[in-house]
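Each remark here refers to the structure printed beneath this line.
The values are calculated or read from the model by the stated rules, or taken from the named source; none is laboratory data. Fair warning: this is a prediction, and the values are worked out from it, not measured in the lab. A quick note on method: Cβ atoms are made from the backbone with ideal geometry, for glycine too, and the neighbour counts reach across all protein chains shown.
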Amino acid sequence: MSGSTITPWVVGNWKMNPMQANTQQLLADLKQQLEQASIPHDVCKIGVAPTLLALLQVKNELATDAHEVFVVAQDVSRIAGTGAFTGEVSADLLKDSQVDYVLIGHSERREIFNDTPAILNEKIKNALAANLHIIYCVGESLEQRESGQAEQVVLQQICDIAGVVNPEQWVHITVAYEPIWAIGTGKTASPDDAQAMHAKIREGLSQITPEGQNIAILYGGSVKPENAVELAACPDINGALVGGASLNAESFVQIAQAFAQSK
Ligand code: 13P
């Protein structure tokens with residue numbers, strides 16, 4: 001069944017970018033592009049996930065009545081509350097700074113920083129307890145896809161969190177399907193392959209929760225203005241998690257426009 005009644009989301013993941021001077025420029029460009037495009041929040045929700053250093057600056061400048069952009073933390077500590085945990089930022093500290101959204105389970109965190117399913121579950125539990133909305137990332141490697149395991153891997157990643165999300169908490173979960181081989185490589189999953197995986201994810205979610213039909217499932221992996229229209233036309237692709245192209249305000253807003261116009 002299609003999830004096409006879901007309001008699309010387009011979220012820019014800035015990753016470990018950019019330097020301060022470029023952040024200022026990107027913010028100025030984003031304001032200008034957003035004003036020109038003037039996409040209502042109920043037509044496409046637009047979010048930005050900057051570095052922790054820029055999070056509050058971006059929030060102050062873009063999470064305004066004029067721009068309605070929501071800010072997203074790229075990660076969260078597996079430890080809750082406050083305390084002697086050098087280098088960590090908890091879900092409670094994010095919430096306390098009015099940061100309401102967090103990415104959890106990005107493949108770069110899983111692969112480079114060893115975020116295991118057990119660690120991710122601690123992060124998810126704490127984020128939900130702090131009333132954050134989670135964008136939970138899943139995706140298979142090239143090797144897994146080539147050996148025919150893509151679906152099984154992704155559905156397992158969905159099942160991994162089922163034990164820590166209470167039935168009433170699924171409304172606070174958005175899923176991002178990001179095939180690892182498509183991230184930063186210029187290779188995008190074809191709209192047919194992406195739609196097929198999104199439909200499977202929706203089926204998997206629907207077996208876990210009646211909310212499954214309403215959960216936004218975003219696609220990520222080399223999304224650009226050139227492929228956004230085709231991806232946005234797929235019934236179970238409810239938005240995009242954009243890396244590289246989100247560092248260019250014009251490209252990012254064009255992607256948001258593609259989703260705003262498609263649904
Ligand atoms: P790219 O759009 O650069 O491929 O990155 C995708 C991504 O990882 C977003 O979280």
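For segment 89-108, check the following and say yes or no: at least one residue is closer than 26 Å to Leu247 by Cβ and of a type in the set (Phe, Trp, Tyr).
Scanning segment 89-108 turns up at least one residue that is closer than 26 Å to Leu247 by Cβ and of a type in the set (Phe, Trp, Tyr).
From the residues in segment 179-213 that are surrounded by 16 or more Cβ atoms within 10 Å (Cβ to Cβ) and assigned to a loop (DSSP other than H, G, I, E, B), which one is nearest to the ligand (Cβ to nearest atom)?
Selected residue: Ile183.
Kindly evaluate Arg145 against the criterion of being under 23 Å from Asp96 (Cβ atoms), without any contact (Cβ under 8 Å) to a residue 40 or more places away in the chain and either within 14 Å of the ligand (Cβ to nearest atom) or surrounded by 18 or more Cβ atoms within 10 Å (Cβ to Cβ) (or both).
Judged against the criteria, Arg145 is not a match.
Being in a loop (DSSP other than H, G, I, E, B) and within 16 Å of the chain's Cα centre (by Cα) is the filter here, so list the residues in segment 215-245 that pass it.
Keep residues of segment 215-245 that are in a loop (DSSP other than H, G, I, E, B), which gives 215-216, 221-224, 233-238, 243.
Ile215, Ala216, Gly221, Ser222, Val223, Lys224, Asp236, Ile237, Asn238, Gly243 - these are the residues of segment 215-245 that are in a loop (DSSP other than H, G, I, E, B) and within 16 Å of the chain's Cα centre (by Cα).
Regarding segment 172-183, can at least one residue be identified that is of a type in the set (Phe, Trp, Tyr), touching a residue at least 12 places away in the same chain (Cβ under 8 Å) and closer than 20 Å to Ala127 by Cβ?
Yes.
Given (1) touching a residue at least 40 places away in the same chain (Cβ under 8 Å); (2) more than 23 Å from Asn131 (Cα to Cα); (3) surrounded by 18 or more Cβ atoms within 10 Å (Cβ to Cβ), identify the lone condition not met by Glu250.
Only one criterion is unmet by Glu250, namely (3).
Out of (1) within 16 Å of the ligand (Cβ to nearest atom); (2) at pLDDT below 95, what's the single condition that is false for Glu68?
(1)
Answer yes if at least one residue in segment 76-93 is surrounded by fewer than 19 Cβ atoms within 10 Å (Cβ to Cβ) and assigned to a helix (DSSP H, G or I), and no otherwise.
yes
For every residue, the table says whether it meets (1) farther than 22 Å from Trp9 by Cα; (2) at pLDDT 95 or above; (3) part of a helix (DSSP H, G or I).
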| residue | (1), (2), (3) |
| --- | --- |
| Gly148 | yes, yes, no |
| Val154 | no, yes, yes |
| Ile158 | no, yes, yes |
| Ile161 | no, yes, yes |
| Val165 | no, yes, no |
| Val175 | no, yes, no |
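Could you check Leu56 against (1) out of contact with any helix residue (DSSP H, G or I) (no Cβ under 6 Å at 6 or more places or on another chain); (2) outside any helix (DSSP H, G or I); (3) not aromatic (Phe, Trp, Tyr) and say which number it fails?
Checking Leu56 against (1) out of contact with any helix residue (DSSP H, G or I) (no Cβ under 6 Å at 6 or more places or on another chain); (2) outside any helix (DSSP H, G or I); (3) not aromatic (Phe, Trp, Tyr), the one that fails is (2).
Which pairs turn up if I take residues in segment 95-108 that are more than 11 Å from the ligand (Cβ to nearest atom) and look for partners that are aromatic (Phe, Trp, Tyr) with beta carbon separation below 6 Å, at least 6 apart in sequence or on another chain?
Going by the 6 Å Cβ cut-off, the qualifying pairs are Tyr101/Phe70; Ile104/Tyr136.
How many residues are part of a loop (DSSP other than H, G, I, E, B) and in contact with a His (Cβ under 7 Å, 6 or more places away or on another chain) if we restrict to segment 94-108?
Residues of segment 94-108 that are part of a loop (DSSP other than H, G, I, E, B), as a first pass: 97-100, 105-106.
Now drop any that are not in contact with a His (Cβ under 7 Å, 6 or more places away or on another chain), which leaves 100.
Total satisfying the criteria: 1.
If you take the residues of segment 226-237 that are of a type outside the set (A, V, I, L, M, F, W, C) and surrounded by 20 or more Cβ atoms within 10 Å (Cβ to Cβ), which of them is nearest to the ligand (Cβ to nearest atom)?
Applying the filter and picking the extreme gives Asn227.
Residue by residue through segment 238-263, note down the ones that are touching a helix residue (DSSP H, G or I) at 6+ places or on another chain (Cβ under 9 Å), within 14 Å of the ligand (Cβ to nearest atom) and closer than 16 Å to Val175 by Cβ.
Gly239, Ala240, Val242
Do the conditions hold for Val11, that is, is it buried (at least 17 other Cβ atoms within 10 Å of the Cβ), free of Cβ contacts under 8 Å to residues at least 60 places away in the same chain and closer than 26 Å to Ser262 by Cα? Let's see the steps before the verdict.
Values: buried (at least 17 other Cβ atoms within 10 Å of the Cβ): yes; free of Cβ contacts under 8 Å to residues at least 60 places away in the same chain: no; closer than 26 Å to Ser262 by Cα: yes.
No.
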